[in-house]
Structures are given as structure tokens and as C-alpha cells.
Amino acid sequence: MTAPFDDGQLEFLKALTEALFHGVDMVISADEVVGNVADLFGRVGGTKLDELRTALELTEIALAPAFVELDVETRANRVRNRLQNSGWDPFQDMARLRGIIYACYYGYWEGGDLPREAGQVANKANPVHRQIGFTLPKYRDRIDPPDLEIKDVTGREIHPGHILTDATLADEYDVVVVGSGAGGAVAAHNVAAQGYKVLIVEAGPFYPSHRITHHELEMIAALYKHGGVQTTTNSDFVIFQGRCVGGSSTVNNGICLRVNEDGRTHPDAPDVLAKWASIGAPIDAAAFHASYDAVQARLGIARAEPRSGRHNGTHLTEGWKAHAAASTDPREKRAVTDWFDKNFGPPGTPSACAYCGYCNSGCPYGRSGWAWRRPICPRRAATMARASSPKPRPSRFCGRRPPTANWRPRRCGW
Ligand SMILES: Cc1cc2nc3c(=O)[nH]c(=O)nc-3n(C[C@H](O)[C@H](O)[C@H](O)COP(=O)(O)OP(=O)(O)OC[C@H]3O[C@@H](n4cnc5c(N)ncnc54)[C@H](O)[C@@H]3O)c2cc1C
């Protein structure tokens with residue numbers, strides 16, 4: 001890993017960090033925050049690092065003159081004033097930079113790249129966690145209020161043996177699917193189930209649960225496209241996208257909501273299917289919901305439990321109901337308050353979600369249930385992670401034609 005920033009950029013980042021935290025009790029130093037920023041972007045590298053360097057330069061211009069030489073109070077005032085005027089693009093860059101600096105303060109982690117358990121032990125007294133009253137899953141009280149024991153669940157994810165290397169990659173595949181996310185993996189699964197030999201080519205790395213730690217900055221750098229700082233082309237929005245085996249399904253919350261669901265859709269909401277039909281995409285509502293039913297049954301999707309998040313969900317729903325009852329806005333009064341479905345282990349079983357709160361940096365306990373990531377059809381579908389090697393070579397594909405109307409699937413025994 002080469003140093004991502006030069007001395008001038010590091011000095012500016014430190015001056016900005018001090019200004020952003022002016023008047024706030026910092027329990028780690030500005031140098032440590034800057035160290036985290038450098039570490040994060042050293043891992044991300046590539047065009048995102050180039051963009052950040054440019055953003056740093058633009059922000060420094062926006063905060064000029066002589067920002068780094070000013071006393072910290074003047075710097076803090078200048079940042080505040082500039083951020084209030086956010087119409088000019090460099091100020092947007094500054095706002096994003098502020099988010100990154102905060103993430104690198106609150107993401108402070110001790111003990112480097114220790115494995116999951118050892119990492120939690122090393123961070124038992126993490127000063128930032130203590131400052132904000134955060135407790136790592138290992139040290140949380142699971143008895144009062146009662147919650148599932150946090151321990152590993154096995155059998156719900158891809159077996160490492162189904163991740164290929166250059167050495168185990170075959171010379172021929174019937175079908176190559178690019179990307180192992182919800183779209184690619186489902187397509188590969190279905191094609192494999194029809195008897196084809198399928199290769200999934202995945203740009204990102206393979207992180208089974210036991211490699212996932214609570215070091216969020218490291219996990220986000222490893223599992224997300226551009227280390228979680230991918231933006232729209234005009235840089236206005238951050239777009240989170242997984243870049244690993246399983247794609248975004250590895251880092252998502254497993255919340256399953258249906259489009260156009262009876263009883264869950266706000267009664268005042270426009271009819272989505274009618275809208276699609278009006279723009280030339282008619283959908284048969286019955287077939288649409290039958291597909292949802294099939295997926296729900298296939299993946300064992302079930303309603304989240306009221307204990308979720310140490311019963312915070314119950315507080316939230318009760319809070320909303322109290323608000324709606326007192327509200328004079330008819331839309332709020334009619335709003336639906338309900339539990340959503342979740343795609344983790346079935347409720348009431350030991351593999352149900354333990355609600356540790358780390359879904360977005362990868363489930364460390366093997367409970368996330370995107371069933372198509374599992375070796376459902378292991379003899380026929382395999383994944384090549386970090387697929388940047390010269391293999392697979394298109395010239396070596398067998399080129400079999402896709403199924404025709406007369407084609408009958410060969411079962412692969414999944
Ligand atoms: C943080 C987060 C939380 C979310 N929470 C929920 C939720 O609770 N409920 C819900 O329904 N949805 C949620 N989503 C959305 C949902 O996960 C995505 O919509 C879905 O996974 C998208 O599937 P996909 O296959 O289109 O893309 P992705 O899952 O993003 O997969 C694309 C894959 O293709 C790979 N790839 C791309 N280009 C190439 C290439 N050229 N060569 C090789 N590989 C390539 C990428 O590395 C990636 O792994 C969440 C998403 C995120 C990011």
C-alpha cells in the first residue's frame with residue numbers, strides 16, 4: 001500500500017479535522033483520525049483516491065486563504081460559514097469530506113486487523129465507543145432485555161470450496177455470469193438448475209462470515225465498491241454498492257418489502273402497477289405477487305421479531321402510533337405501522353438474526369440468508385472471486401447455445 005496523501009494534504013486534513021471537532025471533546029487525536037483517513041483511502045486506492053485528492057485541493061481553495069495557518073477557532077468559523085453556502089460544488093466536496101472525517105473518528109479501532117473475537121477484546125475499552133456509549137456485541141447483556149445468544153451459525157453461506165482459483169478454474173463453462181449479487185447469483189442459480197455448467201465471475205473478494213470483523217472501516221473498504229464512497233457522476237449522492245462475493249446482498253439488511261403490497265402500502269400512495277402500465281410496462285398483478293410468494297418460500301423469508309434491536313423496534317412503532325394518533329395530518333393518521341420481513345434465519349430458531357447491528361459491514365455470525373449464495377447447486381455453479389486474472393479466456397468457452405423452446409432441463413440434483 002503506497003502513501004495515499006502527500007505531506008501538504010495530510011497537514012490540511014489535520015487542520016480540517018481540528019476545526020470540525022473544535023469545542024468537542026476528542027478522545028483520540030486529530031493525527032489518529034487523519035491516520036484512519038489515510039488508511040481507508042490507501043485500501044480503496046484507484047480513481048476514488050484521485051477524486052479525494054482533488055476534493056482536498058478544491059476544499060483547501062474554498063477555505064483559503066492560509067487555512068492551515070489560522071488558529072483553530074477561526075478555522076472552525078470559516079468551515080461553518082462556507083458549509084452554510086453549499087451551492088458551489090467545492091462546498092459539497094467539503095461536506096463529503098466532513099462525513100469521511102467523522103466516519104474515521106467514530107470508526108476508530110484498536111488492534112489493527114485482528115480477527116473478529118480478538119478484535120472485540122482489543123476494543124473492549126475503545127475510547128470512542130465509551131464516549132458515545134457503544135458496546136460491542138461480545139459485551140452486550142443478552143439477558144435483560146432477553147435476546148438470542150450471539151454465536152456463529154453455520155450452513156447458511158457459500159462453502160469456500162465453491163470459490164475457484166486459477167488452479168481450480170475449468171477450461172470450459174456453458175454460461176458465464178458477471179457479478180455474484182442478487183441479480184447475477186439468482187440467474188446463475190437458475191441456469192445451473194437447468195443443467196448448465198455456470199461460472200460466476202466476481203470482481204470483489206470472498207469474505208465468509210468468519211473473516212468478517214467489527215472493524216467497520218476495514219470491512220467497508222474491503223466489501224464496498226470504492227470503499228463505500230462511490231458517488232453519482234455529479235458527486236451529489238453517495239451510492240453504496242457491494243463489491244464482493246454476494247454483491248450488495250452481503251452487506252444489506254435483509255429487509256424484504258414488496259412493491260404494491262396489500263395492507264403494507266400507504267392507502268394514499270399512487271398505484272405503482274397502474275403507473276407502470278401507463279408508461280408501457282403492464283404487469284400482471286397476480287403473477288407478480290405469485291413470484292414474490294415463490295421467492296419468499298424459497299428463501300424462508302419471515303417477519304422480523306419484536307425483540308429486534310433490543311426491542312427498539314417496539315419503541316419505534318409505539319412512538320409512531322402515538323405520533324399518528326395526535327397528528328392532524330390525515331396521511332400520518334392512515335400510515336401503516338408494521339413489522340417488515342427479513343431474510344435471515346427463521347424467527348424462533350437459533351439461526352435467526354441476532355440483531356447485532358452489523359449487517360452493513362457483513363454478517364459476522366453467518367445468519368444472513370441470501371440462499372442463492374449457498375451451494376445449492378455446488379456441482380454446477382462456482383464463483384471466481386477477485387476476477388482480474390487473464391482467465392477465463394473467452395476463446396475457451398464452449399459456446400453452447402441458450403435453451404430453445406424445445407429444450408428440456410437436465411436436473412443437477414440440487
Ligand atoms: C448497504 C445496503 C443495504 C441494503 N439493504 C437492503 C435491504 O434491507 N433490503 C433490500 O431489499 N435491499 C437492500 N439493499 C439493496 C439490495 O441489496 C440490492 O438492490 C441488490 O443486492 C442488487 O443486486 P444486483 O445483483 O443488481 O447488484 P449487486 O448486489 O450490487 O451485485 C453486483 C456485483 O457485480 C460485481 N460486478 C460488477 N461489475 C463487474 C464486472 N465487470 N466484473 C465482475 N464483477 C462485477 C460487483 O462487484 C458486485 O458484487 C441494500 C443495499 C445496500 C448497498
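Quick look at the values:
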item	result
Some residue of the range 260-267 being away from the ligand (no atom under 13 Å from the Cβ), over 23 Å from the mean Cα position of the chain (by Cα) and not in a loop (DSSP other than H, G, I, E, B)	no
Residue, surrounded by the fewest Cβ atoms within 10 Å (Cβ to Cβ), within the range 199-228, restricted to residues that are part of a loop (DSSP other than H, G, I, E, B) and within 13 Å of the ligand (Cβ to nearest atom)	PRO205
Failed condition for ALA64, given (1) outside any helix (DSSP H, G or I); (2) closer than 26 Å to GLY204 by Cα	(2)
In the range 59-94, the residues that are surrounded by 13 or more Cβ atoms within 10 Å (Cβ to Cβ), modelled with pLDDT under 80 and of a type in the set (A, V, I, L, M, F, W, C)	LEU83, PHE91, MET94
Filter pass, ASN260 being in contact (Cβ under 8 Å) with a residue 60 or more places away in the chain and surrounded by 12 or more Cβ atoms within 10 Å (Cβ to Cβ)	no
Residues of the range 229-252 classified as within 9 Å of the ligand (Cβ to nearest atom) and polar (S, T, N, Q), total	5
Residue match in the range 128-149 (condition: assigned to a helix (DSSP H, G or I) and within 21 Å of the chain's Cα centre (by Cα))	yes
Of all residues in the range 222-270 being at pLDDT 90 or above and among the basic types (Lys, Arg), the one that is farthest from THR47 (Cα to Cα)	ARG258
Any hit, the range 275-294, residues being at pLDDT below 90, more than 8 Å from the ligand (Cβ to nearest atom) and either charged (D, E, K, R) or surrounded by fewer than 11 Cβ atoms within 10 Å (Cβ to Cβ) (or both)	no
Search result, residues across the range 159-192 that are within 15 Å of the ligand (Cβ to nearest atom) and assigned to a helix (DSSP H, G or I)	ALA182, GLY183, GLY184, ALA185, VAL186, ALA187, ALA188, HIS189, ASN190, VAL191
Lone unmet requirement of (1) buried (at least 16 other Cβ atoms within 10 Å of the Cβ); (2) part of a helix (DSSP H, G or I); (3) on the phi > 0 side of the Ramachandran plot; (4) not charged (D, E, K, R) for HIS311	(1)
Which numbered condition THR317 misses (of (1) of a type outside the set (Phe, Trp, Tyr); (2) at positive phi; (3) surrounded by 12 or more Cβ atoms within 10 Å (Cβ to Cβ))	(2)
Scan of the range 1-46 for residues that are without any contact (Cβ under 8 Å) to a residue 12 or more places away in the chain and either among the aliphatic types (A, V, I, L, M) or assigned to a helix (DSSP H, G or I) (or both), ordered by number	ASP7, GLY8, VAL24, GLY35
Residues that are closer than 20 Å to VAL79 by Cβ and of a type in the set (Gly, Ala, Ser), drawn from the range 1-51	GLY8, ALA15, ALA19, GLY23, SER29, ALA30
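The values are calculated or read from the model by the stated rules, or taken from the named source; none is laboratory data. These numbers come from a predicted model, not from an experiment. Backbone-built Cβ (ideal geometry, glycine too); neighbour counts: all protein chains shown.
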